[in-house]
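The structure under discussion appears below in the form of structure tokens.
Every read-out reported here was derived from the displayed coordinates using simple, explicitly stated rules and does not represent laboratory data. Keep in mind the model is a prediction, meaning the values are calculated, not measured. Virtual Cβ from ideal backbone geometry, glycine too; neighbours counted across all protein chains shown.
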Amino acid sequence: MKEPNTEPASTGCPSSPAELSRRRFLARLSLAVGGAGALIVTVPLMGFILAPFFGRKQEVWRSVGKIESFKIGETTAVQYEDASPLPWAGVTARSAAWLRRVNADTFIAFSINCTHLGCPVRWLAEANLFMCPCHGGVYYEDGTVAAGPPPLPLPRYPVRVKDGDVQIQTAPIPITK
Amino acid sequence: MSLKRIYHRVLAWVEDRTGLPGMIGRTARHLVPPDAKWWYVFGSATLCAFMIQVVTGVALAFAYIPSASEAYSTLHFISDQAPFGHFLRGLHYYGASAMVLMVGLHMAQVFLAGSYKFPRELNWATGVLLLGFTLVMGFTGQLLRGDQNAVWTVVVAAEQAGRAPFIGQWLAHFILGGDTVGGATFTRFFAIHVFIMPGFIFAFVGLHLWLVLRHGISEPPVAGKPVDPKTYRAEYKELIKKKGKPFWPDSAWRDVVFCVAMIAVIAALALIYGGPPLGKPPDPSITTASPRPDWYLMWYFAVLALMPPGTEQYFLVFGPLIVGIILIALPFVFNRGERSPRRRPWAIAVVVMTVVMIATMWVAAVKSPWSPNFNAQPLSASVVGATNGPVFIGAQLFHDKGCLNCHWIANDGGRRGPDLTAVADRLSKNQMILKIANGGVNMPAYAANLTPAEMDALVAFLQSRKSQRP
């Protein structure tokens, strides 16, 4: 019934010192071998479960549109695919950024994730503000905090223009420390 | 051979070979204090709700696909097409609600009656862990719906975990299942919701019940009869020996009646309302989203919104940690003395304050006045009171510049900032200009965002906002 422990179980008959030390040896042997067996199974299992932390994904550049499709001064939501989505990710593989064409060849890409708790901020074009639907965070057009609880400005993603395409570099969801 | 004799012979054989019927019978008929009445039903009701969750959860798993690309469509299939699917999802949702509610009532009852004291410290401690597991189940269950709300709930959870010192980024990665929400997120939460947490709950319910049997169901507290660890066990034994009644059926019938009544309520709600509505598809690139937690965590949404800036780490990380430590430590620190709530006014105060706090937070969260109103429509001509000129232009600006998202005027707008329906009663023109240009803690500064002409029009509009309009 009971798990083997280091003390010999009472058998009702007197045990010689030799018998005692044999029991103690067998109990310790069983525990040690059992522990080793458990490790053989659990170490790779934990490795499998914790896999997302090993090795950073290679970030990639994603085209989000032709350069001429963006008007100077306008800020629009652009969608692109994550760096290396799993085949069954479906629509969850998508990410978005707020992309602004500042002038002929300068773009800024803002994260859509509020730095407070990650909710998706919306750009209000007339008001020149980003507003968060969750807890009322507001950012100015340059991404600095205008009001509410966000502790940091909206993060920016690397953008470049290549062969007439505007490209954004994929990035992890920014997690505020 | 008569049927009765066959029955008895079969039973005797099973008893001989397994020993189970006798053991179950003895356990079911163990003696309990005679006055354990309706106050004692919440624990078994929690277990009953958990069993509903197990059977409805298993049934849902017959159709559910735990994949980011399929979960949402299987949820739609279950809700809209599968026979009884709508009802089944409702059962699982209201069953979860009942479980959270019953855990809360059970905990409050045990706390008020001082039943956590010697020798039942570990009954309480395992119960606290079960409360934690139940909340994790509620949270992960909401995610498995795989809709837009689920995606943003994962992100919000990861951001909260990210505030933990040292291991924050690591925890956030663990929750997301990688750098972003994606294919790995849902399979992992499925494993947690369906295997890991239920495994823990089964194990700890077993332990919890074993402890209840080992120490006996606590007798109703009597004022002036404190718990003394030196004498308690002998006194309890004496009480049970003299006045104890068999749990089955003398006491168990109330548990049965209450559980069945609870199931009836759950079934009725499920039949009428079905499962919680599904949101948009789980596409993280759709920026029009207003994530909200399920009702049992709604109050926490208010905590997140109302915690002062800069204190996030205390509220999100240390707060829950401290609450958990206090709850676990409670029976070890106060394991003796009076049990009756009449002699423990602070116990009553703690329960009342907790309920009031959660209820207040909950009401605040439902209203969520801190969220901008993105659906505010341009003000109507009757409200504006002008169809041209600066007042009219100012009213348009008030909408377009986002003022109306946070300020209320007459019958529309947001509740984040002050109600400006009659702002001209309290602010002069210059005060308004100062306020608009410079902003405040919760208001953007508009100095760089308005031309002088626009500012004039906006202020003209606001100056026309009087309680008694001429």
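At an R0 of 22 angstrom, the distance between the Cβ atoms of B:Thr27 and B:Leu3 translates into a FRET efficiency of 0.20.
The mean count of C-beta atoms from other chains within 10 Å of the C-beta of residues in B:149-157, rounded to a whole number, is 4. Distance from the C-alpha centroid of the range A:85-139 to that of the range B:376-425: 27 Å, rounded to the whole angstrom. Distances between placed amide hydrogens fall under 5 Å for B:Met443 paired with A:Gly148, all partners being 5 or more residues away or on another chain. Relative to the globular-protein estimate of 2.2 N^0.38 Å, the Cα radius of gyration of the protein assembly as shown stands at 1.21.
Per-peptide packing, taken as the mean over residues of other Cβ atoms within 10 Å, places B:59-65, B:386-392, B:287-293 in the sequence B:287-293, B:59-65, B:386-392 from highest down. On the basis of the beta-carbon distance and an R0 of 45 Å, B:Asn375 and B:Glu235 show a calculated FRET efficiency of 0.10. The trypsin sites (Lys or Arg not before Pro) of the range B:408-470 meeting both criteria, a DSSP state outside H, G, I, E and B (loop) and at most 14 other C-beta atoms within 10 angstrom of the site's C-beta, are B:Arg426, B:Lys466. Across all Cα atoms of the range B:33-367, the radius of gyration (one decimal) and Dmax (whole number) stand at 21.6, 69 Å. Its Cα gyration tensor gives the range B:50-169 an equivalent ellipsoid. The semi-axes, each the square root of 5 times an eigenvalue, are 31, 22, 10 Å from largest down. The label point for A:Glu59 and the one for B:Trp295, both projected 7 Å from the Cα toward the Cβ, are 4.4 nm apart. Sites listed here are trypsin sites (Lys or Arg not before Pro) in the range B:210-254 whose DSSP assignment is loop and whose Cβ has at most 15 other Cβ atoms within 10 Å: B:Lys230. Using the Karplus relation 6.51 cos²θ - 1.76 cosθ + 1.60 with θ = phi - 60°, the per-residue 3J(HN,Hα) values for the range A:74-90 come to 9, 10, 10, 7, 10, 10, 8, 8, 4, 4, 9, x, 5, x, 9, 5, x Hz, with x marking Gly and Pro. Each Lys and Arg contributes +1 and each Asp and Glu -1, all at the Cβ; summed about the Cα centre of the protein assembly as shown, the dipole is approximately 2500 debye. In this structure, B:Tyr314 and A:Leu50 have a Cβ-Cβ separation that, at R0 = 30 Å, corresponds to a calculated FRET efficiency of about 0.60.
Extension gain, A:Ser30 to A:Ser16: 0.36 nm times the residue separation minus the Cα-Cα distance gives 2.9 nm.
Where only DSSP H runs of four or more residues are counted, the protein assembly as shown gives -16000 deg cm²/dmol as its mean residue ellipticity at 222 nm, each run worth -39500 (n - 2.57). Computed from label points 7 Å out along Cα-Cβ, the spacing between B:Tyr273 and A:Thr76 is 4.2 nm.
If you wrap the tightest convex hull around every Cα atom of chain A and split its volume per residue, you get 198 Å³. Rounded to the nearest whole Hz, the Karplus-based 3J(HN,Hα) values (6.51 cos²θ - 1.76 cosθ + 1.60, θ = phi - 60°) of the range B:70-76 follow the sequence 10, 3, 4, 6, 5, 5, 5, with x at glycine and proline.
Rounded, prolate or oblate: which fits the range B:294-385, taking a ≥ b ≥ c as square roots of the Cα gyration tensor eigenvalues, rounded meaning a/c under 1.5, else prolate when a/b beats b/c?
Details: a/c = 4.34, a/b = 2.32, b/c = 1.87.
It comes out prolate by the Cα gyration axes.
Using θ = phi - 60° and the Karplus relation 6.51 cos²θ - 1.76 cosθ + 1.60, list the HN-Hα couplings for the range A:102-115 in order, rounded to whole Hz, with x at every Gly or Pro. For the range A:102-115, the Karplus-derived couplings read 7, 8, 3, 10, 10, 10, 10, 10, 9, 4, 8, 8, 4, 7 Hz, x marking Gly and Pro.
Its Kirkwood hydrodynamic radius, worked out from the mean inverse distance over all distinct Cα pairs, puts the range B:250-308 at 15.4 Å.
Restricting the calculation to alpha carbons of the range B:82-138 gives Rg and Dmax of 15.0, 51 angstrom.
Partners of B:Lys367 within straight-line reach, counting lysines whose Cα lies under 23 Å from its Cα and excluding those fewer than 8 residues away in the same chain: B:Lys280. Close amide-amide hydrogen proximity is noted between A:Arg156 and A:Ser111, each under 5 Å apart and 5 or more residues distant or on a separate chain (H modeled in the peptide plane; Pro and chain starts excluded).
Counting only Cβ charges, +1 for Lys and Arg and -1 for Asp and Glu, the dipole size of chain B around its Cα centre is about 1980 debye.
The range B:427-470 and the range B:1-56 have Cα centres lying 73 Å from one another. Over all pairs of different C-alpha atoms in the range B:339-470, the reciprocal of the mean inverse distance, the Kirkwood hydrodynamic radius, equals 16.8 Å. Take each residue in A:144-152, count the other chain C-beta atoms within 10 Å of its C-beta, and the mean is 5.
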